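Peer 1: Would you mind keeping the following structure in view while I ask a few things?
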Amino acid sequence: MLSKCANPECSESFRYLHQGKIFCLSPTPEVQIATGTFKPALHERFWLCTQCSKKMTLVWGGTQVRLVPVQVKVLAPLPAPKSEKHEVKRRLRARVASAGREDK
């Protein structure tokens, strides 16, 4: 039964399914050897509270579950979209500039 956050430094109690994140992990071969069970249907369930699940995730680390930081992918900023108004002004300036050249 899940009773508290899997983070040992957190004391948050499990109350509702919509809070936090539940992990259903299949054991690695090391865990199966250590426990002496080779049932493919064996799964361990763990829960991280909302605050901890934003910063960490759970993975098998040999024969124990480990907390690891969530890797956040930083995307390059997209170029600012040119507004229609800005584009119209640019075209008008280009016309004015080219019209001034024709007069000379």
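No lab work stands behind these numbers, since they all come straight from the coordinates. Source: prediction; values computed, not measured. FYI the Cβ positions are ideal-geometry reconstructions off the backbone, even for glycines, and counts take in every protein chain you see.
Peer 1: From the phi of every residue in region 14-20, what ³J(HN,Hα) in whole Hz does the Karplus formula 6.51 cos²θ - 1.76 cosθ + 1.60 yield, where θ is phi - 60° and glycine or proline is x?
Peer 2: These are the phi-based 3J(HN,Hα) values: 6, 10, 10, 5, 7, 9, x Hz.
Peer 1: While we're looking at this one, here's another question. Tell me which residues come under 5 Å, amide H to amide H, from Asn7 once H is placed; ignore anything under 5 positions away on its chain.
Peer 2: Here Cys49 satisfy the definition.
Peer 1: Right, another one. By per-residue mean of other Cβ atoms within 10 Å, what is the highest-first order of 67-77, 2-12?
Peer 2: Going from most to least packed, we get 2-12, 67-77.
Peer 1: Can you list residues whose amide H is under 5 Å from Phe23's amide H, if they're 5+ apart or on another chain and H is modeled 1.01 Å from N?
Peer 2: It is Phe46, Trp47, Leu48, by chain and number.
Peer 1: Report the gain in length on full extension from Ala76 to Lys54: 0.36 nm times residue separation, minus Cα-Cα distance, nm rounded to one decimal. Present the calculation step by step, with values, prior to reporting the outcome.
Peer 2: Numbers: separation 22, 0.36 × 22 = 7.92 nm, distance 2.17 nm.
Computed gain between Ala76 and Lys54 is 5.8 nm.
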